[in-house]
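Encoded as structure tokens, the structure appears first; notes follow it.
The values are calculated or read from the model by the stated rules, or taken from the named source; none is laboratory data. Computed from a prediction, not measured in an experiment: that's the story for all the values here. Cβ placement follows ideal geometry from the backbone for every residue including glycine, while neighbour counts extend to all protein chains displayed. These area figures cover heavy atoms from the full protein model, side chains too; ligands, DNA and RNA do not enter into them. Shrake-Rupley method; radii C 1.70, N 1.55, O 1.52, S 1.80 Å.
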Amino acid sequence: MTATWVAIITALAYLCALFAIAHYGDTSGRRFVGERGRATVYALGLAVYCTSWTFFGSVGLASSRGLDFVPIYLGPILVMGVGYPLVERLVRVAKAQNTTSIADFIASRYGKSEPVAAIVALIACVGVVPYMALQLKAISASFAIVLASFDAGHLARGVASGTVSALVAALLAFFAIAFGTRRVDATEHQDGLMLAISAESLIKLVSFLAIGAFVVWGMFDGLADLTRHATTNPAIVKVVSTQPDAASWTVMTLLSGFAILLLPRQFHVTVVENRDIRDVRRAAWILPLYLVAINIFVVPLAIAGLIALPEGAVDRDLTVLALPLQGQAGVMTIVALIGGLSAATAMVVVESVALAIMVSNDLVMPLLLNMRRSRASIERGDVGALILVIRRAAIVVMLLLAYAYVRLAGEAGLASIGLLSFA
């Protein structure tokens, strides 16, 4: 029971620390975010691309389909590492148009067409719901297995209840509102938000590398030992020798390449939060290196999971958490829990902010302004306060829809939900 409370208190302390980082970025840390650390903070912010799908789902996918997780990161590496001139042009055009979202940007290419902006906003909202549901599912399942295992004193298959998922959704809605809906002007740079997201990028990377190192050299005798198992165990041989499907890899690479620019959160961080076009050059090598680093231990962890975890003992998507639990390593379990929490929280916060801006600017406000009575009311009232209310309500609604999707999706894998959202 003590270990259970340690896990809960650590997670809450982590979320409070994020608030402190965001507050620092919005106050005394503005100079650091805006000048000295600007390019690095921007580049690390782009790693919000790596969600719980990366932290948990990649290992789960590798456990059954070998290297099929690679195209999910190959597309962004090519787009940012090779195609950064295109990204620079995208940022330059968006700045000239005073763009606030991907819907706003696309509409500006069609004469600031309101119907085009509304269609893009609707597509984005519908498409992102499964992705936000993925984060809720990952966090709920993580806490369920950790708390169940701590209570049992050994690895136990926890069940994420609807109550836990609802609490997680409510908590994430609170943090998204607190982080991202303090200002009306969507073009104003949110220094605190960017610093917090960058910090989370470092936390999830360090956590994943720490878990990988612990499993490879703590639970096993290094990469050579894992390689020996991989070449002698028929079940593992079958997985690691799976031949990549060229058509599937091509489609997934294209999808992920588009996603690094067109996902609402990626566009927001890449374009809206960009202070200087020169920062794209820094991101062109930092982000690819980051994506390579966070995937170094994916295959070793997948192999270790197939060796150490009996079939059916745990959802393979939770291998990163299950291995430290199996090894009775409480500290490393907390590290894995915090890493997964950081990956999911960053995504939900930024995605919610980006979607809320689109809902208010491209869906609700144009509708209200087209209604004579509402327009008169708006002209007499505080427009800024109304916009903030709309954005906060949009965040709550989006997370409610994500929660409903979690309840309806059943046992769908993290990678499956993520690919559905990408498509």
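Scanning the stretch 99-158 for residues that are of a type in the set (Phe, Trp, Tyr) and either open to solvent by less than 20 Å² (accessible area, probe 1.4 Å) or over 22 Å from the mean Cα position of the chain (by Cα) (or both) returns Phe105, Tyr110, Tyr131, Phe150.
Return yes or no: is Gly34 farther than 23 Å from Ile334 by Cβ, modelled with pLDDT under 75 and open to solvent by less than 10 Å² (accessible area, probe 1.4 Å)? For Gly34, the condition - farther than 23 Å from Ile334 by Cβ, modelled with pLDDT under 75 and open to solvent by less than 10 Å² (accessible area, probe 1.4 Å) - is not met.
The C-beta contact set for the stretch 74-97 (first residue under 17 Å from Ser108 (Cβ atoms) and without any contact (Cβ under 8 Å) to a residue 40 or more places away in the chain, second residue in a loop (DSSP other than H, G, I, E, B) and not small (Gly, Ala, Ser), distance under 9 angstrom, 6+ apart or interchain) comprises Val93/Thr99; Val93/Arg109; Gln97/Arg109; Gln97/Lys112. Taking helices (runs of 4 or more DSSP H) as the structural unit, no element lying wholly within the stretch 353-423 holds at least 2 residues that are in contact with a strand residue (DSSP E or B) (Cβ under 8 Å, 6 or more places away or on another chain), over 22 Å from Met194 (Cα atoms) and modelled with pLDDT of 80 or more. When the stretch 289-310 is filtered for residues that are aromatic (Phe, Trp, Tyr) and farther than 15 Å from Gly60 by Cα, only Tyr290 remains. When residues of the stretch 317-338 are filtered for being of a type in the set (A, V, I, L, M) and not in a helix (DSSP H, G or I), how many remain? Residues in the stretch 317-338 being of a type in the set (A, V, I, L, M) and not in a helix (DSSP H, G or I): 1 in total. Test Ser28 against the criterion of being open to solvent by 10 Å² or more (accessible area, probe 1.4 Å) and in a loop (DSSP other than H, G, I, E, B), and give yes or no. Judged against the criteria, Ser28 is a match. For the stretch 78-86, the condition holds for no residue, the condition being that it is touching a Gly at 6+ places or on another chain (Cβ under 8 Å), open to solvent by less than 20 Å² (accessible area, probe 1.4 Å) and assigned to a helix (DSSP H, G or I).
Val215 meets the stated requirement of being surrounded by 13 or more Cβ atoms within 10 Å (Cβ to Cβ), modelled with pLDDT of 90 or more and touching a Gly at 6+ places or on another chain (Cβ under 9 Å). Among the criteria (1) out of contact with any Leu (no Cβ under 9 Å at 6 or more places or on another chain); (2) modelled with pLDDT under 85; (3) not aromatic (Phe, Trp, Tyr), the one Ala22 does not fulfil is (1). Return the pairs, sorted by first residue and then second, in which the second residue is acidic (Asp, Glu) and outside any loop (DSSP other than H, G, I, E, B), the first residue lies in the stretch 270-298 and is over 14 Å from Pro76 (Cβ atoms), the beta carbons are less than 6 Å apart, and the residues are 6+ apart or on different chains. From residues that are over 14 Å from Pro76 (Cβ atoms), the pairs are Ile277/Glu88. Taken as a whole, the condition of being more than 18 Å from Val59 (Cα to Cα) and in contact with a Leu (Cβ under 6 Å, 6 or more places away or on another chain) does not apply to Pro234.
Does the stretch 281-301 contain at least one residue that is among the charged types (D, E, K, R) and closer than 24 Å to Ser352 by Cβ? No, the stretch 281-301 contains no residue that is among the charged types (D, E, K, R) and closer than 24 Å to Ser352 by Cβ. The single condition among (1) at pLDDT below 80; (2) closer than 22 Å to Ser201 by Cβ that Trp5 does not satisfy is (2). Looking at Leu74, Leu46, Leu61, just one residue is crowded, with 24+ Cβ neighbours inside 10 Å, of a type in the set (A, V, I, L, M) and farther than 19 Å from His268 by Cα, and that residue is Leu61. Taken over the stretch 87-115, the criterion of being in a helix (DSSP H, G or I) and aromatic (Phe, Trp, Tyr) is satisfied by Phe105 alone. Scanning the stretch 87-98 for residues that are open to solvent by 10 Å² or more (accessible area, probe 1.4 Å) and among the hydrophobic types (A, V, I, L, M, F, W, C) yields Leu90, Val93, Ala96.
Of Val251, Val292, Val299, Val239, all but one fail to be touching a Ser or Thr at 6+ places or on another chain (Cβ under 7 Å) and open to solvent by 10 Å² or more (accessible area, probe 1.4 Å); the exception is Val239.
The C-beta contact set for the stretch 310-339 (first residue open to solvent by 30 Å² or more (accessible area, probe 1.4 Å), second residue part of a loop (DSSP other than H, G, I, E, B) and not basic (Lys, Arg), distance under 6 angstrom, 6+ apart or interchain) comprises Gln326/Leu155. Would a scan of the stretch 51-66 turn up a residue that is part of a helix (DSSP H, G or I) and on the phi > 0 side of the Ramachandran plot? Checked against the condition, which is being part of a helix (DSSP H, G or I) and on the phi > 0 side of the Ramachandran plot, the stretch 51-66 yields at least one hit.
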